[in-house]
Amino acid sequence: MLPRPPTPNAAVLKRIQAQPIDYWQHVGDPLADLLATIYPIDDAETLLKLIEYEAEQAQPLCVQFLAQESATTRWQEPRYQEELAAWQAYVQQFPLAVRLAWQAGGGLRLLSQARWAGAWPGPLSPLQRFMQHLDDTLLCEHLPTAETLRLMRLELAILRRDAEAAIGKSHLGVVLAQSDLATLVICLSEEMMRCLEALGVGLDAAQRAGLRHWAIGFGQGLGVEALWLASNDEEAHALRHVLLQPPSPLGAPLVLPWLRMVASSDTLPAAERRTLALARSLLDPLTADTLGLPHDALGSLWRKASGWVVEKGRPLAGQAPAVLSLQKKVMARWH
C-alpha cells in the first residue's frame, strides 16, 4: 500500500508558500530556449551536434551553452558521495523496482499535473523521448554526464518552443517553466520514494538521502533555481505540498498510451493488465480515478505478479538461466 505523505513543518511550509511562484512559472531555460529557437530542429540529439559544431566555429552562444558546467557541483561535493553511492548501489540491486516506481508511479503523478500534461497535446513521441532519456539516466550506474544533461535541456527547450502556439488556447501559461521542473524533481524523489516503499523494497536512511541528492543534482543540471530544490526533509515535504497540485483530467489521454508502451517490453502473460493494476496501486485513488485507470477485480493478483517480477529482477550472481532470461526481457529498452 502507498504510504501517506508526511505533513510538512508549518514554519517551513509558510516560508516556501511565500516564494513568488507566479514569477517562477515564467522562467524557463533562457539559453537553451534561445538556441532551440535560432536552430528550429525537432530532434535534440541533432540540435546538440549542431551546437557543438557551431561552438567549434566560435559561435558565442553555443560556446557559452557548452561551457555551463557549474550546475552539476552538488554531485561533486564530497559530503554527498557516501549517500549517493548508497542510492546508486540500490539502483543496481533493484533496477526493475526503480523503473516501475518511476514509470507506473512517479511519472504518472507528474503527468497528472495540468501544466505538464498540457505540454503534450499531440502525439506521445516528444514526451516518450524525454522520459526514455530520464529512464536511462535513472538506471545508469554512473551519474549523468554533462552531455546527457545538455541533451535533456534541449529536449525541454524544443517542447517549450513547440508548445508556444497552444498557450493561448489552453490558458496554461508558459509551458515547463522553473516551477514545473521543480515538480519533476519532487516526483523523482518524494513520489518515487513512496512508490518504492509500496513495492516492498523501501529505502534506508542513506538511500533516501541519496535519492534526494540525486534528484536535486538532476534538477540543478536542468537549471532549476536553488529556491525550488529541497536541502532537507522538511523543505522536501513543504515543496511537495506547494508544487504538486490536484490531478487534472488533461493527463488522462496520455496515460493508456504511456502504460501500454511500458508494458510492451514485458513479454510475460497479461503484461498490460498487470501494468495497469500496478499503476493504480502506486497512485492515490483520486489521481488514479482522474487519470482513468481501470478498476480490476483481480487487481491484487496482478500486483502480486508484478511483485514477483520485481523480486526476480534482482541482478544476483548465480541465477538460473530462466531467471536471467526473464530479467533481460523485462528490462529490455522500451520504444
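Could you give the nm distance between label points at Leu61 and Lys14, where each point is 7 Å from its Cα heading toward the beta carbon?
4.5
Quote to one decimal, in nm, the extra length available between Asp42 and Glu272 on full extension: 0.36 nm per residue of separation minus the C-alpha distance between them. Let's see the in-between values first.
Values: separation 230, 0.36 × 230 = 82.80 nm, distance 3.07 nm.
Roughly 79.7 nm would be gained on extension.
Can you give the accessible area of Glu83 in Å² (nearest 10), computed on protein heavy atoms with a 1.4 Å probe?
Near enough 60 Å² of accessible area.
Heads up, I need the accessible area for Met193: 1.4 angstrom probe, whole protein in place, Å², nearest 10.
For Met193, solvent-accessible area is about 10 Å².
Leaving ligands, DNA and RNA out of it, report the carbon-plus-sulfur percent of the accessible area of the range 181-286 at a 1.4 Å probe.
On the range 181-286, the fraction of accessible area on carbon and sulfur atoms equals 57 percent.
Send over a whole-number figure in Å² for the accessible area per residue of the range 170-269, probe 1.4 Å. Walk me through the numbers on the way to the answer.
Details: 3220 Å² over 100 residues.
Per-residue accessible area for the range 170-269 comes out at 32 Å².
The values are calculated or read from the model by the stated rules, or taken from the named source; none is laboratory data. Quantities reported herein were computed from a predicted structural model and do not represent experimental measurements. Virtual Cβ from ideal backbone geometry, glycine too; neighbours counted across all protein chains shown. Only protein heavy atoms, including side chains, enter the accessible area calculation; ligands, DNA and RNA are left aside. Shrake-Rupley method; radii C 1.70, N 1.55, O 1.52, S 1.80 Å.
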